[in-house]
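The values are calculated or read from the model by the stated rules, or taken from the named source; none is laboratory data. Source: prediction; values computed, not measured. Note that we place each Cβ from the backbone using ideal geometry, even for glycine, and neighbour counts take in every protein chain shown. To get the accessible areas, we keep the full protein, side chains included, count just its heavy atoms, and leave off ligands, DNA and RNA. Shrake-Rupley method; radii C 1.70, N 1.55, O 1.52, S 1.80 Å.
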Amino acid sequence: MYSETELLRESVRQIRSQLHEWPIEILIVVHPKSSPECMALCDELGREADVRIIIQGPRAGIGWAYREAIPYVTGTYALIMSSDLETNPADAAAIVRKAEETGADIVCASRWMSGGGFSGYNPLKLVLNFGYNLIFRALYRTSIHDITFGYKLIRSEILRQVKWTYGTHEFCAELILRPLRLGYTATEIPTRWVKRPEGDSKMTFMRNFRFVSAAWHIFFTAKADSLR
């Protein structure tokens, strides 16, 4: 997270409400240059029993933030999501139940499935996103509709075993593409993406094109080189 306040508080509230059936711990990775208000909220939340605050290191980027949280994961699964409600916390319980029902290693929240969708998404980015996912599905021979979206439940052992490469938004695609290359199983549920009600995304337009390079590189990486 980077300087979110009320969005973070609401995210934590909804996660607790959705996942009250399961024992959980909430890991919050915060950028060290976040606003004083954000840091104060993190300090407040960090005093609660089910929350751990992790201050991100010097390498900026959402992928690095997620990767820095991996050593702190203690549960069987990790639910990777953002703090700005664009990854809808109301779908969290459905994602966990899908893993329980199917035994899949990864459950993806998919905006391109029937029942999913977008609200307030940049039209050109929408076209690019559709095209990327279509190409990646064909290249990796997978039925997963939404490879680039960073809302996924994944077995913690996979997080620890895989040699992750990317530190920015490409990590959201790597999170499914590298495990697929290694033979792990994946399934999905529909979700809706809604433009964040406050603040600005750190995902610039030009960064969208990096997904293609990442997907191509991962596909041609030897499986042994994708493991620690």
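Applying the condition of being open to solvent by less than 40 Å² (accessible area, probe 1.4 Å) and at pLDDT 95 or above to segment 83-102 and asking which residue is farthest from Ser119 (Cα to Cα) yields Ala99. Here Ser11 qualifies as crowded, with 16+ Cβ neighbours inside 10 Å and either more than 18 Å from Ile154 (Cα to Cα) or modelled with pLDDT of 95 or more (or both).
Residues to consider are Tyr77, Tyr121, Tyr72; find the one that is of a type in the set (Ser, Thr, Tyr), open to solvent by 40 Å² or more (accessible area, probe 1.4 Å) and modelled with pLDDT under 95.
On the way: Tyr77 fails: modelled with pLDDT under 95; Tyr72 fails: modelled with pLDDT under 95.
The conditions single out Tyr121.
You will find that of Leu41, Leu45, the residue that is buried (at least 20 other Cβ atoms within 10 Å of the Cβ) and more than 17 Å from the chain's Cα centre (by Cα) is Leu41 and no other. Scoring Trp164 on the criteria (1) more than 23 Å from His31 (Cβ to Cβ); (2) surrounded by fewer than 20 Cβ atoms within 10 Å (Cβ to Cβ); (3) aromatic (Phe, Trp, Tyr) leaves a single failure, condition (1).
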